[in-house]
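> Okay, here's the structure, questions in a sec.
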């Protein structure tokens, strides 16, 4: 059993914001495998389906960003999921728009949703897939809660599709293969190197 969690804030107020990219990627993945996240369970919108030969639980926490770990911990305990079988998908304002960075473990990098998951699970040893939303123009809090410009919509849509591809690869072929295939940007530059982000966020 794999657990794939997309981070974001619930409610129409936050739909389409940069901070809700994790939600968006999970929605893409749900559509591909033919499930809908309409059931509320584990403090999250929840669905269960198959990715290839693997069973997977998809979740979008409804607790707001800074309490995301509540949902993750509840599902992890119920399904007895090991940290190595958890993938958390989030935005990253230190990465260029649409750039992906998958890692098998690491710090929260200033992301409050990721930090709450680390704190509640008591470990950093789970995979995380970050999707670039560009460095902020001004206040970081306002930036992550803003929506993408029309000129960025196509690139962001393509990035979410590619992030869903990376999640499928992680399930089917493992984290190392997925890193090798998806940590390079469209121009082929490797994104595996470099420090974790250390940004300031809201919620």
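Laboratory data are not the source of any read-out in this text; all were calculated from the coordinates shown. Values in this document were obtained by computation on a predicted structure and should not be read as measured data.
> Could you point to the label whose value was computed as Rg/Rh (Cα atoms, Kirkwood Rh) for the structure here, given (i) 0.92; (ii) 1.14; (iii) 1.01?
(i)
> Report the antiparallel proportion of the DSSP beta bridges in the chain as a percent, rounded to a multiple of 5.
On the way: 17 of 31 bridges.
Among the beta bridges of the chain, antiparallel pairing accounts for roughly 55 percent.
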